[in-house]
Amino acid sequence: MLNNPLFAAYKPRLTKISQLIWSALLPKRDQLIAQIHRIDYRNEEIKYVKTIIERDARAEYGGIIERLRYAEGVKLAILNHEIGELQKDIERISEIINNFNELASGQVVDPANFMARFQIINENLEYMIAKPFKVTIDVVPHDLPRELTEIRHHLQRYRASQALLDFKDEVIYRLSKNAKLSTREAIEELEKTSSAEMAEWAKLTDKFAAQLKKYQLICFYCGSVLDDGTVNAKCKVNNVQAVPDDCISLSSYQIHARSQRIHSGGSSEKLSWECPSLLCKTKRGAL
């Protein structure tokens, strides 16, 4: 039997089917069963939420119906009271008519009895004829509470208001976005203009500083800067004490300028002057 070809073909196929059942089909069935349980649980959730909504709706609309019934009861009570008063008047009129018919249309007419009761019958008759009664009906059905209609009206107004608010929000958002863009562009333009202006001022400052440095007065001997405080001070380098005959003192403000280049580390050209407190080496003939 082991060498039977049919058995040889049967055994691997049986193993394959068995493995597929245990590895794939049974887990698939468990997944389907679990899905059914989840769907059943969701059904219970839907029923529970529906019950809550229905209870709230009954409570809300039950209150509406109760208020409607109360308003109806008030109106009906007023109308029934008016009907009762009118019914009493009708009964009194009927009583007066019956009393008169008994006295006037009986088989045996008794004038003495009629005359005795005439005064009372006449007073009751005049009273009932003269008694006013309310013709208008003040109670109307139009002012019964229509809360459901009001709720629907409020819902319609809410939808319209919500649409208007959404439109306003969109307009505000666009305006705010445009304003931010405009502000950013204005800031960039201002920064650009300010940078250009500051660069221009820096160039002018450098230009004027170079020009001022060009015309700065310094001592020919010691290189000190000459101003209104140091122009008549003693020079630390030029210590000449005697005054030659052929020199001119600069204390007379006849300052002789020597234009020369003094370079110190690549500095610009400066106009140097001799210390006016000491004597100039320049001859009189040179002036």
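Taking the condition at pLDDT 90 or above, over 30 Å from Pro141 (Cβ atoms) and either in a helix (DSSP H, G or I) or under 39 Å from the mean Cα position of the chain (by Cα) (or both), does Ile21 pass? The answer is no for Ile21. Applying the set (1) outside any helix (DSSP H, G or I); (2) over 30 Å from Lys234 (Cβ atoms) to Trp201 leaves exactly one unmet item: (1). As for the range 87-108, it holds at least one residue that is of a type in the set (A, V, I, L, M, F, W, C) and under 30 Å from Val140 (Cβ atoms). Among the residues of the range 120-159, those that are outside any helix (DSSP H, G or I) and of a type outside the set (Phe, Trp, Tyr) comprise Lys131, Pro132, Lys134, Val135, Thr136, Ile137, Asp138, Val139, Val140, Leu144, Pro145, Arg146.
Can you tell me which residue is least open to solvent (accessible area, probe 1.4 Å) among those in the range 133-151 that are of a type in the set (Val, Ile, Thr) and touching a residue at least 24 places away in the same chain (Cβ under 8 Å)? Before the answer, list the steps.
First, pick out the residues of the range 133-151 that are of a type in the set (Val, Ile, Thr): 135-137, 139-140, 149, 151.
Subset that is touching a residue at least 24 places away in the same chain (Cβ under 8 Å): 137, 139.
Numbers: Ile137: 114, Val139: 30 Å².
By that ranking, first place goes to Val139.
The rows are residues; the columns are (1) in contact with a Lys or Arg (Cβ under 7 Å, 6 or more places away or on another chain); (2) open to solvent by 80 Å² or more (accessible area, probe 1.4 Å); (3) not polar (S, T, N, Q).
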{"residue": "Asn4", "(1), (2), (3)": "no, no, no"}
{"residue": "Ala9", "(1), (2), (3)": "no, no, yes"}
{"residue": "Lys28", "(1), (2), (3)": "no, yes, yes"}
{"residue": "Ala57", "(1), (2), (3)": "no, no, yes"}
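Take the residues of the range 101-119 that are part of a loop (DSSP other than H, G, I, E, B) and open to solvent by 80 Å² or more (accessible area, probe 1.4 Å): which is nearest to Glu60 (Cα to Cα)? The extreme case among them is Ser105. Being over 60 Å from the mean Cα position of the chain (by Cα), at pLDDT 85 or above and either loosely packed, with under 10 Cβ neighbours inside 10 Å or among the basic types (Lys, Arg) (or both) is the requirement here; does Ala130 meet it? The answer is yes for Ala130. A search for C-beta distances below 9 Å between a residue of the range 45-68 that is within 23 Å of Arg146 (Cβ to Cβ) and any residue that is open to solvent by 90 Å² or more (accessible area, probe 1.4 Å) and at pLDDT 85 or above, counting only pairs 6+ apart in sequence or on different chains, returns nothing.
Starting from the range 89-105, keep only residues that are farther than 11 Å from Ile121 by Cα, then list their pairs with residues that are part of a loop (DSSP other than H, G, I, E, B) and open to solvent by 90 Å² or more (accessible area, probe 1.4 Å) whose Cβ atoms are within a distance under 8 Å, requiring at least 6 positions of separation or different chains. Once the first residue is farther than 11 Å from Ile121 by Cα and sits in the range 89-105, its partners that are part of a loop (DSSP other than H, G, I, E, B) and open to solvent by 90 Å² or more (accessible area, probe 1.4 Å) give Asp89/Phe133. Tell me yes or no: at least one residue of the range 247-254 is in contact with a strand residue (DSSP E or B) (Cβ under 8 Å, 6 or more places away or on another chain), modelled with pLDDT under 70 and loosely packed, with under 10 Cβ neighbours inside 10 Å. Looking through the range 247-254, none of the residues is in contact with a strand residue (DSSP E or B) (Cβ under 8 Å, 6 or more places away or on another chain), modelled with pLDDT under 70 and loosely packed, with under 10 Cβ neighbours inside 10 Å. The residue list Glu170, Glu200, Glu123 contains one member that is at pLDDT 85 or above, closer than 30 Å to Ile83 by Cα and surrounded by 10 or more Cβ atoms within 10 Å (Cβ to Cβ), which is Glu123.
The values are calculated or read from the model by the stated rules, or taken from the named source; none is laboratory data. Quantities reported herein were computed from a predicted structural model and do not represent experimental measurements. So basically every Cβ, Gly included, is an ideal-geometry build from the backbone, and we count neighbours across all protein chains shown. The area values use the complete protein model at the heavy-atom level, side chains included, leaving out ligands, DNA and RNA. Shrake-Rupley method; radii C 1.70, N 1.55, O 1.52, S 1.80 Å.
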